[in-house]
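The structure under discussion appears below in the form of structure tokens.
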């Protein structure tokens, strides 16, 4: 679809996904929820008591994948799509978010209200929204350095913890939560209570494991580090990476304000379908079929592959499909640094264009100048 062609309407786009794909079922969602929770608890316990630091490190890394799986399930339930029933979805979301230390009420405001309703809108969407050249040049040398650091492999975890978790999930402005403020306080207490109970349970397990001849339990500091902190930090690196590749691409569009926003441009043309290497797509619970999710969040994750296939068949020229590799990630960091919101193109830190203009020819800008 060319820039000169009018974008399909939201109704027309949603119709490309068959109604059967929106069917919610109990078995897929509940079985995955229980399976991921069991794996997470077993892995953090293994990190605390199993012998050998290589084994402990493996348990920490695997636990972070379990947190990611639970977070995707919670994300689906937060949209009301994982299973039938509003209340059950709410409680599954609330519980699934606990290992990621994410209160449901603040997540709903950040993800559903801001990210979905203002996808790629500057000042609204918080997911990897780029600075303009003017923003960069006006910033202090320290803020420039921080911005550049976040757009590196080591910076991915800091992007999530400092850029999302603290300001949007853990300490959001109370006025922005409105009627959800009371529920947010309860959800945050639940998160803190979960962390406390987990620490106490793992500490008791480590103490009991001292009598087991094969075990190598750690002390309280080790319990805190290996059971609670390290899995979470590994998870934040993963979610930072996935957020990046979902919504950053040389041909994706960022909107200067809400008046420019277009449903099709945001959900179809500016969202990326990412494919994991070695056939590992099952690890992501289908969330990498991300166009289908943004076009219609009512589609449960177990039906996203079917919905994504329908969209790609309908709009093959507008959906970007990329394979996730180290080279691709580094290429994104090199190409997508600053953004020209007027011409809708990516820039290097010195203002040199690194992508073609996505502004339609009707605006008088057909490509890089």
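Among the residues making up segment 9-22, those that are touching a helix residue (DSSP H, G or I) at 6+ places or on another chain (Cβ under 7 Å) and either without any contact (Cβ under 8 Å) to a residue 60 or more places away in the chain or part of a loop (DSSP other than H, G, I, E, B) (or both) are 16, 17, 18. Taking the listed residues 289, 306, the one that is closer than 21 Å to residue 77 by Cβ and in contact (Cβ under 8 Å) with a residue 24 or more places away in the chain is 306, with no other qualifying.
For segment 115-131, a residue qualifies if it is free of Cβ contacts under 8 Å to residues at least 24 places away in the same chain and surrounded by fewer than 19 Cβ atoms within 10 Å (Cβ to Cβ), and exactly one does: 117.
Would a scan of segment 44-66 turn up a residue that is crowded, with 19+ Cβ neighbours inside 10 Å, more than 30 Å from residue 214 (Cα to Cα) and touching a residue at least 12 places away in the same chain (Cβ under 8 Å)? No, segment 44-66 has no match at all. Applying the criterion of at least 2 residues that are in contact with a strand residue (DSSP E or B) (Cβ under 8 Å, 6 or more places away or on another chain) and more than 25 Å from residue 151 (Cβ to Cβ) to the helices (runs of 4 or more DSSP H) found wholly in segment 252-369 leaves 304-314.
Only one of 208, 201, 176, 195 is more than 30 Å from residue 349 (Cβ to Cβ), at pLDDT 95 or above, in contact with a helix residue (DSSP H, G or I) (Cβ under 7 Å, 6 or more places away or on another chain) and surrounded by 11 or more Cβ atoms within 10 Å (Cβ to Cβ). Can you tell me which? From the options 208, 201, 176, 195, the qualifying one is 195. In segment 23-38 there is no residue matching the filter, namely being over 23 Å from residue 188 (Cβ atoms), at pLDDT 95 or above and assigned to a loop (DSSP other than H, G, I, E, B). Does residue 190 qualify as being surrounded by fewer than 20 Cβ atoms within 10 Å (Cβ to Cβ), in contact with a helix residue (DSSP H, G or I) (Cβ under 6 Å, 6 or more places away or on another chain), touching a residue at least 12 places away in the same chain (Cβ under 8 Å) and under 21 Å from residue 68 (Cα atoms)? Spelling it out, it is not the case that residue 190 is surrounded by fewer than 20 Cβ atoms within 10 Å (Cβ to Cβ), in contact with a helix residue (DSSP H, G or I) (Cβ under 6 Å, 6 or more places away or on another chain), touching a residue at least 12 places away in the same chain (Cβ under 8 Å) and under 21 Å from residue 68 (Cα atoms). Of the conditions (1) closer than 30 Å to residue 328 by Cβ; (2) within 25 Å of the chain's Cα centre (by Cα); (3) in a helix (DSSP H, G or I), residue 198 satisfies every one except a single condition; which number is it? If we test residue 198 against (1) closer than 30 Å to residue 328 by Cβ; (2) within 25 Å of the chain's Cα centre (by Cα); (3) in a helix (DSSP H, G or I), just (1) comes out false.
Within segment 67-85, the set of residues being in a helix (DSSP H, G or I) and either without any contact (Cβ under 8 Å) to a residue 60 or more places away in the chain or in contact with a strand residue (DSSP E or B) (Cβ under 6 Å, 6 or more places away or on another chain) (or both) comprises 70, 74, 77, 78.
Taking the conditions (1) more than 15 Å from the chain's Cα centre (by Cα); (2) surrounded by 15 or more Cβ atoms within 10 Å (Cβ to Cβ) in turn, residue 247 satisfies each one other than (1).
The values are calculated or read from the model by the stated rules, or taken from the named source; none is laboratory data. All values derive from a computational prediction rather than experimental measurement. We place every Cβ from the backbone using ideal geometry, glycine too, and count neighbours over all the protein chains shown.
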